[in-house]
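Written out below as structure tokens is the structure these notes cover.
The values are calculated or read from the model by the stated rules, or taken from the named source; none is laboratory data. Remember, predicted model here, so these are calculated numbers, not experimental data. Methodologically, a virtual Cβ is constructed for each residue, glycine included, from the backbone with ideal geometry; neighbour enumeration extends over all protein chains shown. Surface accessibility is based on the protein's heavy atoms, side chains included, excluding ligands, DNA and RNA. Shrake-Rupley method; radii C 1.70, N 1.55, O 1.52, S 1.80 Å.
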Amino acid sequence: MKKRLVLFFALVLALVTGFTAMTATTANAATDTSLSKVQKKGTLVMGTSPDYPPYEFQATVHGKTKIVGMDVAVGEKIAKDMGVKLVVKSMSFDSLLVALQTGKVDMVISGMNPTPARRKNVDFTHTYYQGGYSIVINKSDKGIYKNKDSFVNKTIGAQTGSTMYNESKKQTSGTTVKGMTSVSDLILALQSHKIQGVAMEKPSAQAYVANNKELAAIPSDFNLSASDTSASVAFKKGSTALVAAANKSVDQIKKQNLVNKTYLPAAGKYLKTNTVNTSMFHYWKAFLTGIEYTLIITVCSVFFGFIIGVILALARMGQGGAIKTGFRWLATAYVEFIRGTPMMVQVMFVYFGLGLIVNLPALTSGIIAISLNSGAYVAEYIRGGINSVDDGQTEAARSLGMSSGKTMRFVVLPQALKNIWPSLGNEFITLIKDSSIVSIIGVSELIFQSNIVRSDTYRGVAPIAVIMVLYFILTFTASRILNYFERRMQHD
Amino acid sequence: MTKPIIEVKNLAKSFGKNEVLKDITEQVDPGQVIVVIGPSGGGKSTFLRCLNLLETPTSGEVDFDGENLTTLDTKRVNELREEMGMVFQGFNLFPNMTVLENIKLAPMKVKGIDDAAATKRAHELLKQVNLDDHADAFPSSLSGGQAQRVAIARALAMDPKVMLFDEPTSALDPEMVGEVLNVMQELANQGMTMVVVTHEMGFAKSVADRVWFMADGYIQENNTPEAFFGNPQTERAQDFLSKILM
Ligand SMILES: Nc1ncnc2c1ncn2[C@@H]1O[C@H](COP(=O)(O)OP(=O)(O)OP(=O)(O)O)[C@@H](O)[C@H]1O
Ligand SMILES: [Mg+2]
């Protein structure tokens with residue numbers, strides 16, 4: 001099953017687990033209120049990463065995009081049996097468990113297999129599906145490859161960090177194993193003959209083959225333990241009552257073979273409607289949503305980042321007095337710290353870290369994180385801009401009786417802003433591009449949307465080309481507008 | 001006896017170890033025109049800037065209209081600065097504003113005067129300095145002489161009781177010096193109290209009530225222009241005059 005475990009996310013997880021352990025009261029069966037809480041609010045929030053057909057993926061149903069797949073069907077059954085409504089929340093696979101621990105979601109169903117490492121942090125239900133692995137090849141090579149052992153001196157691709165990736169390395173000899181993050185990219189590499197096979201899960205392989213006449217699937221013949229190929233539902237550690245309730249549903253699913261009989265065929269149907277029309281125009285709504293969110297994030301972050309930047313710059317320039325010195329020190333430390341850590345970590349920290357205290361939606365978290373980040377950079381521009389204004393300007397203003405505050409506001413800042421307008425403009429353009437980082441917490445901006453379209457259409461390049469053009473249109477338009485204002489400000 | 005408007009008592013100012021002003025005690029009466037002259041680096045600018053507290057004195061006091069500036073809080077100092085206009089060698093006009101906006105800014109933002117009244121007053125002042133046709137120009141399009149006259153109008157817009165000038169003509173081309181000095185002379189004729197740092201000896205002779213000669217951190221001589229130029233008392237002043245009058 002999907003098991004991408006980037007070290008970084010493991011660290012965040014460990015951190016969050018630590019926090020939770022400190023703050024949360026340890027629950028046991030007798031006192032566990034997890035089930036009654038869910039029943040009281042009437043909704044069961046399921047976290048999933050919808051880029052993995054037929055487990056979960058986005059489909060266009062009556063012109064609306066919707067998350068579907070066999071995992072969603074499983075989630076619906078569990079919710080129904082509990083007598084509550086299912087709410088599906090999408091985010092990147094790597095963020096799912098952290099979201100579970102911080103209470104952003106009640107459960108995770110995302111083709112996740114219950115490895116011992118994961119069991120340390122969350123509780124799993126019984127297995128609802130026992131899968132297996134196949135290798136997808138080009139149909140033209142069908143006679144050449146039989147199983148994993150046919151790839152001597154060839155290359156097999158697999159999702160980086162997945163079980164398949166590790167097993168391919170371990171269980172083949174003389175075969176190069178190439179790792180990539182997304183299955184769509186791997187299929188693209190296969191079709192352009194950069195690799196000769198892609199190891200993936202059986203249902204996924206079937207979906208790809210069914211939707212692409214150029215591809216074929218062969219058995220992998222890997223030696224695997226059951227726990228490496230099974231899928232379970234994850235709950236927050238200690239929610240015994242919820243797990244017990246979900247297990248009842250899962251046991252029914254197993255007994256009646258619902259996954260193979262009902263859920264997979266239903267998902268397959270969506271896949272068909274989904275791939276009937278893989279033209280990019282068909283997905284214009286998805287891209288439009290992407291543009292909309294990218295712009296919302298950028299504009300809000302620029303606005304708040306600017307305000308934060310001004311405050312930081314003024315704090316950094318304050319002279320004299322213990323309080324002013326304290327603020328100066330704080331502002332300097334803040335700017336150095338923000339500039340010395342990756343924006344990605346900051347986004348994760350705000351979403352998951354702050355999430356322990358207040359439950360912020362992903363979009364808000366993203367805007368906060370990027371504003372805080374941008375503020376540190378803008379502060380430096382503004383400081384430079386203020387320093388570039390001649391001291392004589394301040395003296396003239398002060399000699400006219402203006403207070404230091406009014407001098408700053410009416411005389412120095414307007415001139416400083418004019419001087420740094422090009423830098424601020426650059427910051428805006430940079431943010432249009434950098435806002436893509438919030439895709440990791442599941443905000444549906446352009447990159448996130450293009451990934452969805454890629455996995456829905458099985459087309460690797462076209463969506464990338466589309467967003468490339470879209471990004472360029474955004475940045476180019478923005479820079480024209482900024483230039484226009486820059487010219488209007490030129491008086492001397 | 002009229003009360004002095006500015007009284008300086010034992011004023012001293014150092015920058016680190018550099019004692020620029022050592023011990024200055026002088027006073028300015030209402031309506032008086034004082035010309036401060038002296039060698040470069042003698043502390044004239046520093047002295048002038050201590051009068052409106054742009055520079056904080058190291059010791060001693062500066063009384064304005066009976067209030068000791070060095071003991072007042074920032075708010076009161078700001079209020080008293082309104083009553084002391086200052087004109088700089090480098091004009092220091094706000095480059096991002098038109099001439100009119102330069103003049104209107106402080107009256108509107110500090111005194112809270114409404115736009116119409118401020119505009120009306122600004123035009124009056126511009127007429128006074130013969131520049132009303134440049135009201136909508138930006139400073140960058142003005143000649144030095146014009147810019148300095150705008151700066152004078154800007155300072156006058158706060159209706160100050162005293163005007164401080166720091167070498168107002170030193171940065172000007174020679175042919176523009178006259179137009180600025182004329183405006184200053186007119187101001188003096190109207191009874192404005194003025195402290196002027198300048199190297200224009202003609203102006204000092206014809207307009208000043210007193211000449212203060214400043215060197216080495218002290219006011220070395222305080223005299224009428226006739227006495228000072230005709231019969232300088234100190235060797236320092238004689239030396240200085242012989243150099244510049246050649
Ligand atoms: N902000 C400051 N920091 C340190 N030293 C200063 C400062 N301002 C002035 N000085 C020093 O004080 C001394 C007197 O300077 P000031 O400008 O008052 O002289 P001045 O008589 O106006 O000279 P000039 O005729 O050249 O304008 C000089 O040695 C100068 O270097
Ligand atoms: Mg000077």
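Candidates are the residues of segment A:390-444 that are within 14 Å of chain B (Cβ to nearest Cβ) and part of a loop (DSSP other than H, G, I, E, B); the one that is surrounded by the fewest Cβ atoms within 10 Å (Cβ to Cβ) is A:D390.
Would you kindly identify the strands (runs of 3 or more DSSP E) lying entirely within segment A:93-183 that contain at least 3 residues that are in contact with a Gly (Cβ under 9 Å, 6 or more places away or on another chain) and crowded, with 20+ Cβ neighbours inside 10 Å?
Numbers: elements: A:122-130, A:133-138, A:155-159, A:176-180.
Correct list: A:133-138, A:155-159.
May I ask you to list the residues in segment B:5-37 that are within 14 Å of ligand 2 (Cβ to nearest atom), over 30 Å from B:E186 (Cα atoms) and surrounded by 19 or more Cβ atoms within 10 Å (Cβ to Cβ)? The answer is B:K13, B:V20, B:L21.
Examine segment B:145-152 for a residue that is within 14 Å of chain A (Cβ to nearest Cβ), open to solvent by less than 10 Å² (accessible area, probe 1.4 Å) and without any contact (Cβ under 8 Å) to a residue 60 or more places away in the chain, and state whether such a residue exists.
If we filter segment B:145-152 for residues that are within 14 Å of chain A (Cβ to nearest Cβ), which is where we start, we get B:147-148, B:150-152.
Checking the rest, the ones that are also open to solvent by less than 10 Å² (accessible area, probe 1.4 Å) come to B:147-148, B:150-152.
Next, from what is left, pick out any that are without any contact (Cβ under 8 Å) to a residue 60 or more places away in the chain: B:147, B:150.
The answer is yes, given that some residue of segment B:145-152 is within 14 Å of chain A (Cβ to nearest Cβ), open to solvent by less than 10 Å² (accessible area, probe 1.4 Å) and without any contact (Cβ under 8 Å) to a residue 60 or more places away in the chain.
For segment B:171-205, a residue qualifies if it is within 16 Å of ligand 2 (Cβ to nearest atom), open to solvent by 30 Å² or more (accessible area, probe 1.4 Å) and away from every other protein chain (no Cβ under 14 Å), and the qualifying residues are B:H199, B:E200. Considering only residues in segment B:76-105 that are part of a helix (DSSP H, G or I) and either more than 29 Å from B:R149 (Cα to Cα) or of a type in the set (A, V, I, L, M) (or both), the one that is farthest from the other protein chains (Cβ to nearest Cβ) turns out to be B:L100. Looking only at residues of segment B:42-60 that are of a type in the set (D, E, K, R) and within 17 Å of B:L80 (Cα to Cα), we find that the one that is nearest to ligand 2 (Cβ to nearest atom) is B:R49. Here B:D159 meets each of (1) within 16 Å of ligand 1 (Cβ to nearest atom); (2) in a loop (DSSP other than H, G, I, E, B); (3) closer than 26 Å to B:P30 by Cβ; (4) open to solvent by 10 Å² or more (accessible area, probe 1.4 Å) with one exception, condition (1).
Of the residues that sit in segment B:50-75 and are of a type in the set (D, E, K, R) and part of a loop (DSSP other than H, G, I, E, B), which one is surrounded by the most Cβ atoms within 10 Å (Cβ to Cβ)? Full working, then the answer.
First, pick out the residues of segment B:50-75 that are of a type in the set (D, E, K, R): B:55, B:61, B:63, B:65, B:67, B:73, B:75.
If we keep only those that are part of a loop (DSSP other than H, G, I, E, B) as well, we get B:55, B:65, B:73.
Working: B:E55: 18, B:D65: 16, B:D73: 7.
Taking the candidates together, the pick is B:E55.
Close Cβ contacts (under 6 Å, 6 or more residues apart or on different chains) running from residues in segment A:471-492 that are free of Cβ contacts under 8 Å to residues at least 12 places away in the same chain to residues that are in a helix (DSSP H, G or I) comprise A:D492/B:S140.
Can you find a residue in segment B:74-87 that is of a type outside the set (D, E, K, R) and within 15 Å of ligand 1 (Cβ to nearest atom)?
Initial filter on segment B:74-87 (of a type outside the set (D, E, K, R)): B:74, B:77-78, B:80, B:84-87.
Next, only the ones that are within 15 Å of ligand 1 (Cβ to nearest atom) stay: B:86-87.
Within segment B:74-87 (the criterion being of a type outside the set (D, E, K, R) and within 15 Å of ligand 1 (Cβ to nearest atom)), the answer is yes, since at least one residue qualifies.
Out of A:K255, A:K237, report the one residue that is modelled with pLDDT of 85 or more and over 30 Å from the mean Cα position of the chain (by Cα). Matching residue, one of A:K255, A:K237: A:K255. Can you find a residue in segment B:108-120 that is touching a strand residue (DSSP E or B) at 6+ places or on another chain (Cβ under 8 Å), at the interface with another protein chain (Cβ under 8 Å from one of its Cβ atoms), not in a loop (DSSP other than H, G, I, E, B) and not acidic (D, E)? No, segment B:108-120 contains no residue that is touching a strand residue (DSSP E or B) at 6+ places or on another chain (Cβ under 8 Å), at the interface with another protein chain (Cβ under 8 Å from one of its Cβ atoms), not in a loop (DSSP other than H, G, I, E, B) and not acidic (D, E). The single residue among B:S45, B:S40 that is within 16 Å of ligand 1 (Cβ to nearest atom), open to solvent by 20 Å² or more (accessible area, probe 1.4 Å) and in a helix (DSSP H, G or I) turns out to be B:S45.
If you take just the helices (runs of 4 or more DSSP H) that sit entirely in segment A:266-353, which of them hold at least 2 residues that are open to solvent by less than 60 Å² (accessible area, probe 1.4 Å) and without any contact (Cβ under 8 Å) to a residue 24 or more places away in the chain?
Working: elements: A:284-317, A:322-339, A:343-348.
Qualifying helices (runs of 4 or more DSSP H): A:322-339.
Taking B:F165, is it more than 30 Å from B:D29 (Cα to Cα) and either open to solvent by 10 Å² or more (accessible area, probe 1.4 Å) or within 16 Å of ligand 2 (Cβ to nearest atom) (or both)?
Judged against the criteria, B:F165 is not a match.
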